[in-house]
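Remarks on the structure that follows.
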Amino acid sequence: MTTPDLFDAAPAGPDTKRVQELHRLLHHHAHRYYVLDAPEIPDAEYDRLFRELQALEAAHPELVTPDSPTQRVGGRPLEQFASVRHAVPMLSIRTETDTEASGAENFDARVRRELALGEGDPPVEYAAEPKFDGLAINLRYEHGVLVLAATRGDGEVGEDVTQNIRTIGQVPLRIEGQVPPVLEVRGEVYLRRDDFEALNEKQRAKGEKTFVNPRNAAAGAVRQLDPAIAAQRPLSFFAYGLGEVTPGIVRYTSHFEWLQALKAWGFPVCEHVTTARGAAELVAYHRRIGALRDSLPYDIDGVVYKVNRLDLQERLGFVTREPRWAVAHKYPAQEMLTTVQAIEVQVGRTGKLTPVAKLAPVFVGGVTVTNATLHNEDEARRKDVRVGDTVIVRRAGDVIPEVVAVLPEKRQPGAEVFTMPHTCPVCGSAAVREEGEADYRCTGGLFCSAQRKQALLHFAQRRAMDIEGLGDKLVDQLVDNEVVKVLPDLYRLGLTALASLERMAEKSAMNVLEALEKSKRTTLPRFLFGLGIRHVGEATAKDLARHFGQLDAIMDASVDTLLQVPDVGPVVAESIHTFFAQPHNREVVEQLRACGVHWPEGAPSPAAQQPLAGKTFVLTGTLPTLGRDEAKALLEAAGAKVAGSVSKKTDYVVAGEEAGSKLDKARELGVPVLDEAAMRALLDA
Ligand code: IVH
């Protein structure tokens, strides 16, 4: 049967016709936009149609129907949700947590046994789906119109959250075509990760509490008594099953076919839903989706296998509250609870202090985690993590584990607020946090053994000096035993000193010495990068080497000269200049050279010799012989920058005839003004 016309009772005037037309248009475009992610009309056009409908409904309240697109928003805040008894109970599902193949194999073996299938019988066909990490919802459609949306509750009785679910653009308010008079669609309401991040950002901006994860945020939105607030949380929906359905209208024989029908009716069905035959294909599916997990735009916590044929589902039936025909096969949890045993502060190569929570070991995201970063002072304060606290730890993919939140109700009385130390925990030097920076830094430089260790490892790494065999353990010993105090000490190591270190056989000592010897022959970019100047990565080191050709030119360059290097901005230029302004850093370079570290020096590139390097010019008016572009090219070839407006940073203004406000500005600021001849004189100098 088809959807009956809800306007049967209304007089069919021109307005009624237009309202019907607008319903059709708005339903169509909402589906394109929310479900298919492929809008056909601009947002503004949609808004215009929407407002037209709102206006017509305001003029004719009798034309407002429950499936009207205007009914997605609005509705009054509730005192509480009404209870709803589910026509068909919402069951839970048995879970296999085994990360190995056996999860799928056990299930398939059980199904085959219960169906009395023998070795010779063909493999059972399954539907395989992601297990979405949101909350289950039952959508009830009567004659194609959404009349009720309810949470799972205890499986028998849930809550009527229709107002809030209506606000979800992906949930059809009305479905067309051969629809059973009663159709209950079940699925998961969830929040995409990007929507979750954006929501939390907004919460933070408003000074309101943030959500721990997308699932909590989604659950909070669905159970929000004020639908206006729910409407601001951008929820999404995936259909994955059915509740009550009037029999005999449509006759699909498999779960997968049903999902295709739901899709055709406009419900979002996940693109990763598929069919699989036998245990081996389920295992492959589990692995494939597991590999995709971190790149999906939403959280999943496993996959679900369902016997595909509906007659077989019926034969298998239920045990207590779980169907025998379905199982959830989980992935290792990405969030777990554990306790904070200590908060330590680690010192990085550039002196950055990072608070790290030392945790009671916990298996999360597939590995045992004992450390989780607290990032910096502000983050630590925002999360208010204290020693002894029970915390949620998250590890997703290769991302370093982090503390998501504290469970305040589990806090021990007297737990002390964590504060960042104002001295370096390793060397005792002052630690300072510069204005506008998030991090505290140890001011000890290479006096700080933690920084020295990191500096040595940085210097020795493959992409820098490539000293094979100089790893963590050896560096720890060299620094702790004060064998290496400054970088050049590396090249002063002798066999006896090395071989006397713990767990260092003569053979490996020889290898290290050989690697050190080999590393002396290097290139300027590698050497520069290896020095560990803040903000100078491999790419910048290459740019510097290309531009200046020689180390001495770099060491002596002014900030302005450094700014001439492509891709070097003020922060980087300042950092390089400051580094080489320190006598002890120049000393390190000299000693390394004296130890035999060398590289082919290029000729300083013409750019570095340019007479006007670092100078900023502004051109105004018409010059007697040179066109503006010519003048600009000449200046730039000499290393100058040509800017469009005059400021205190302008070195010269070149003015011709009919010079305008730029000339006035130059006079006002006392910037020297040149004519063309004076400019040429500078170029020739
Ligand atoms: S089917 C009788 N399919 O997992 C089978 N459930 O206990 C009923 N879930 O909270 C569930 N993704 O909300 C099914 N593709 C999926 C699912 C899924 C997530 C949730 C569901 C429920 C729990 C099952």
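The values are calculated or read from the model by the stated rules, or taken from the named source; none is laboratory data. These numbers were taken from a predicted model, which means no experiment stands behind them. Heads up, the Cβs are rebuilt from the backbone with ideal geometry, glycines too, and the neighbour counts pull from every protein chain shown. All accessible areas refer to the heavy atoms of the entire protein, side chains included, with ligands and DNA or RNA removed. Shrake-Rupley method; radii C 1.70, N 1.55, O 1.52, S 1.80 Å.
For the chain, the fraction of 1.4 Å probe accessible surface lying on carbon and sulfur atoms is 51 percent.
Taking Cα pairs under 8 Å and at least six residues apart, what relative contact order does the chain come out at, in percent?
Working: 1216 pairs, mean separation 59.5, N = 685.
Answer for the chain is 9 percent.
Placing a label point 7 Å from the Cα of residue 387 along the Cα-to-Cβ direction, the residues of the stretch 333-358 whose backbone N falls under 14 Å from that point are 340-345, 356-358. Here residue 102 and residue 249 are evaluated by their C-beta separation; at R0 = 35 Å the FRET efficiency comes out at 0.30.
The alpha-carbon of residue 410 sits under 21 angstrom from the alpha-carbons of these lysines, leaving out residues fewer than 8 places away in its chain: 209, 358, 383. When cysteine pairs in the chain are screened for C-beta atoms closer than 4.7 angstrom, the residues that find no partner are 270, 595. Residues 336, 555, ordered by accessible area of protein heavy atoms at a 1.4 angstrom probe radius and largest first, appear as 336, 555.
In the chain, the DSSP beta bridges split such that about 85 percent are antiparallel, to the nearest 5. Entry note, the stretch 416-545: relative contact order of 20 percent, from Cα contacts under 8 Å with a spacing of 6+ residues.
If the segment from residue 178 to residue 88 were pulled out straight at 0.36 nm per residue, it would be longer than the present Cα-Cα gap by 30.2 nm.
Distance between Cα centroids, the stretch 272-333 to the stretch 160-200: provide it in whole Å. With the stretch 272-333 and the stretch 160-200 each reduced to a Cα centre, they are spaced 22 Å.
Work out, step by step, the length gained on full extension between residue 368 and residue 154: first 0.36 nm times the residue separation, then minus their alpha carbon distance; give nm to one decimal. Walk me through the numbers before you get to the answer.
Values: separation 214, 0.36 × 214 = 77.04 nm, distance 3.40 nm.
So the chain would gain 73.6 nm between residue 368 and residue 154.
Take every DSSP beta bridge whose two residues both sit in the stretch 616-685; close to 10 percent of them are antiparallel. Placing unit charges on the Cβ atoms of the charged side chains and taking the dipole of the chain about its Cα centre, the candidate lying farthest along the positive direction among 173, 447, 540 is 447.
Phi angles across the stretch 545-558 convert, under the Karplus curve 6.51 cos²θ - 1.76 cosθ + 1.60 with θ = phi - 60°, into 3J(HN,Hα) values of 5, 5, 6, 9, x, 10, 4, 4, 5, 6, 4, 9, 6, 7 Hz, Gly and Pro given as x.
In the complete set of protein chains, residue-level accessible area for residue 664 is approximately 90 Å², probe 1.4 angstrom.
A 26 angstrom limit on the alpha carbon distance is what I want to check against. Which of 473/520; 542/641; 131/202 exceed it?
Cα-Cα > 26 Å for 131/202; rest within.
When nucleic acids and ligands are ignored and a 1.4 Å probe is applied, residue 23 ends up with an accessible area of around 10 Å². Compared with the direct C-alpha span, the chain from residue 80 to residue 263 gains 62.6 nm at full extension, assuming 0.36 nm per residue. Taking the stretch 485-526 and a reference point 7 angstrom along Cα→Cβ of residue 468, the backbone N atoms nearer than 14 Å belong to 508-520. Annotation: per residue accessible area for the chain equals 49 Å², rounded to a whole number [probe 1.4 Å, protein chains only].
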